[in-house]
Amino acid sequence: MKNSIKYLLIFCIWLVTALCNNLHAAANKEIVLETSRINYLSGNWKLYWKETAASIETTKNSPITVHVPDSWHDSSIQQSGFGTYQLTLQNPYPKSSILGLRIGQIGTSFRLYINKILLCSAGNFAQSKETERPDYIPQTVYFESSADSIEILLEVSNFQYRVGGVWSDIEIGTESQIKQKSNLLLMGNTLILGVFLTLALFFFFFYLFNKSDTTSLYFVLICLGAALRICSTGEMLFRQMDIPIPFDLLVKAEFISMQCMVFFGIMYIHYLFPRDSKSVITKLLSLINGIWFLVFVCSPVEIGSVWMGYYLVLAGIQLFYLAYFLLKVFIKKRPYSVIVTVVCLLVVLLGINDILNSQQLLNSAYLVPYGILVFTFVQSFILINKFTRTGHKAALLSQKLVNIKIRQEQEIIEKTEQIQVKTVELLMLNNIKDRIFSIVSHDLRSPLKSLATLLKFADDNELSRDDLAKYLKNIRKNIDSLNLTLENLLVWSTNQLNGVKSSVELIDIRSLVQDKITLYTPQAAEKELQIHNKINQRMLVYVDKHQLSFILRNLINNAIKFTPKNGIIELNANIVNDKYTLISVADSGIGMQADAIGAIFNQSEIFSTYGTENEKGTGLGLMLCKEYIEHNGGQLTILSEPEKGTTIQFTVRNNEV
């Protein structure tokens with residue numbers, strides 16, 4: 001705890017030092033425009049006190065050097081009066097380009113001239129209190145860059161507020177830069193306003209549901225105060241929405257919004273930790289803030305703005321009290337105390353920034369709405385969490401029973417669906433099992449029976465040497481087919497028991513394809529087929545070598561099986577993109593109908609046909625090839641046309657996953 005306080009003090013000292021250094025640097029900064037960004041015209045301006053834009057050219061009075069943005073304060077001038085700000089800049093922008101200028105809050109009426117041309121105004125600039133009409137209207141103007149220099153004249157008058165001058169940054173940039181920033185700020189402020197109003201409405205219904213818990217009500221009032229502040233400061237959404245609010249109401253809205261956020265924030269924290277709050281303190285705070293509220297509402301702006309300076313002292317005292325209260329609940333380790341302390345500390349720091357900025361003691365932006373936005377989200381979570389933990393035990397038990405019933409019904413539905421899925425899977429496996437038994441009982445037994453018969457004839461010397469050679473040739477074909485069938489059955493049964501397992505490694509496709517072509521060259525020669533390896537260069541992919549070898553053997557065997565004599569089989573590979581390489585096995589065989597291709601991809605059955613010379617097959621090969629290809633991250637495609645041939649393509653990965 002002591003270390004936390006020490007680090008907090010160090011941070012505050014650093015923050016004050018940084019602010020002082022920033023203010024000192026800003027006061028002496030020369031303004032130089034850059035075309036690559038929006039330029040803030042913060043720095044030294046000339047102020048001709050009690051002069052207009054028309055009279056400064058002939059006046060004998062010397063200008064005063066003042067810093068912008070800031071209130072005008074000098075021993076020779078008063079806060080009430082009028083004057084003309086002047087700033088001349090070298091123009092780095094191309095001729096005929098359109099520039100934009102953003103103007104924020106100015107106290108309290110103005111007229112803007114650029115290169116002697118009047119571009120905009122707010123209120124009615126005047127040289128006396130009787131004729132002046134104050135107003136806050138942030139504006140954006142656009143003008144053509146036509147000269148080597150840009151002269152900005154800003155006539156400002158103030159007879160209604162306790163401080164006058166240029167209070168906000170003036171920004172200049174290209175038309176697109178200024179429009180983009182203006183739109184972003186408007187969208188951001190509108191979004192934040194919508195969030196505040198939505199949360200206020202949402203938690204107002206919380207309060208109506210449980211009026212005994214006043215934390216929801218104070219949270220609603222905080223959100224409304226933050227919404228009022230974002231509408232009356234910064235981009236001034238009241239003005240952006242063309243709501244005709246008089247100047248005095250706009251100023252009072254700014255004052256009241258600050259008071260609401262401070263007072264209701266403290267009351268919210270008090271009721272969030274009721275065991276540590278004292279009713280005497282809450283009553284005293286309510287009385288004091290009620291009096292100040294009446295002062296702001298009933299007094300004219302000229303007097304209310306003076307009283308605002310005194311209220312800031314009171315606000316500072318209340319914030320220090322809030323810090324003390326949070327420290328107390330933090331030490332006592334109350335629920336939510338850590339997160340509330342951190343978020344409130346952030347809001348307090350941003351509140352100090354806003355207070356200094358509103359009184360022109362610091363050149364920054366209004367940041368409290370963003371801090372309050374974070375605060376509201378965190379407190380929303382706390383209130384919802386707190387609300388869900390309350391209620392009557394009977395209602396909770398009733399809800400618990402309902403949840404149990406719903407959960408049981410859901411479990412029954414899920415179990416039923418699982419049983420249905422398992423039933424379909426069992427039916428599928430049963431069909432495959434029947435097909436496997438058929439293969440074992442017929443397709444495997446037939447070659448062995450033929451071999452046994454041939455051996456009996458040979459043993460009885462009933463066959464001539466030529467007949468024996470002829471029969472042995474056919475038997476060898478059946479034995480080759482039997483060997484592949486046994487391998488497919490072994491692979492399928494292993495996969496059914498243990499699942500498909502891959503060991504990915506980097507291999508060269510060209511060499512593996514050539515090995516398989518060499519293996520099947522004798523079998524192809526018996527049908528007078530030509531097998532060509534079209535892979536002309538080394539191609540590396542990441543795949544399970546044994547599984548790819550299995551795939552190539554089955555696809556080449558199928559190509560030989562379904563290609564008539566004098567046909568051609570080609571194996572090729574091409575890099576599709578950074579991720580995949582496409583391998584293809586193409587033949588000039590008998591091809592397939594579309595329904596046959598669909599049957600191959602139907603996992604509920606095993607599809608098999610005879611070859612061009614009545615070669616037998618089980619249909620397991622292509623099914624296993626598809627399974628292996630997909631397990632290695634690829635995809636199998638069959639392109640076929642009857643009597644024109646078939647091309648089987650599949651993809652493999654170029655990179656290890």
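Bear in mind that the values in this text are calculations on the coordinates, not laboratory data. Source: prediction; values computed, not measured. Note that we place each Cβ from the backbone using ideal geometry, even for glycine, and neighbour counts take in every protein chain shown.
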The summed charge of the Ser182 Cβ neighbourhood (under 14 Å; Lys/Arg +1, Asp/Glu -1) stands at 0
The stretch 197-341, convex hull of Cα, quarter of hull surface, nm² -> 9.7 nm²
The Cα radius of gyration of the stretch 106-231, divided by 2.2 N^0.38 Å with N its residue count, comes to 1.50
Inverse of <1/r> over all distinct C-alpha pairs of the stretch 50-145, i.e. the Kirkwood Rh in Å, gives 15.1 Å
Surpassing 18 Å at the alpha-carbon level, of the pairs Lys516/Lys561; Lys527/Lys626; Lys252/Lys283; Lys116/Lys179; Lys283/Lys333; Lys179/Lys252, are Lys527/Lys626; Lys252/Lys283; Lys116/Lys179; Lys283/Lys333; Lys179/Lys252
In whole µm²/s, the translational diffusion coefficient that Stokes-Einstein assigns to the stretch 562-602, given a Kirkwood hydrodynamic radius over C-alpha pairs, 37 °C and 0.692 mPa s, equals 263 µm²/s
Ordered by number, the trypsin sites (Lys or Arg not before Pro) in the stretch 63-142 that occupy a DSSP loop and have at most 16 other Cβ atoms within 10 Å are Lys95, Lys116, Lys129
The relative contact order of the stretch 222-363, taking Cα pairs under 8 Å that sit 6 or more residues apart, comes to a percentage of 20 percent
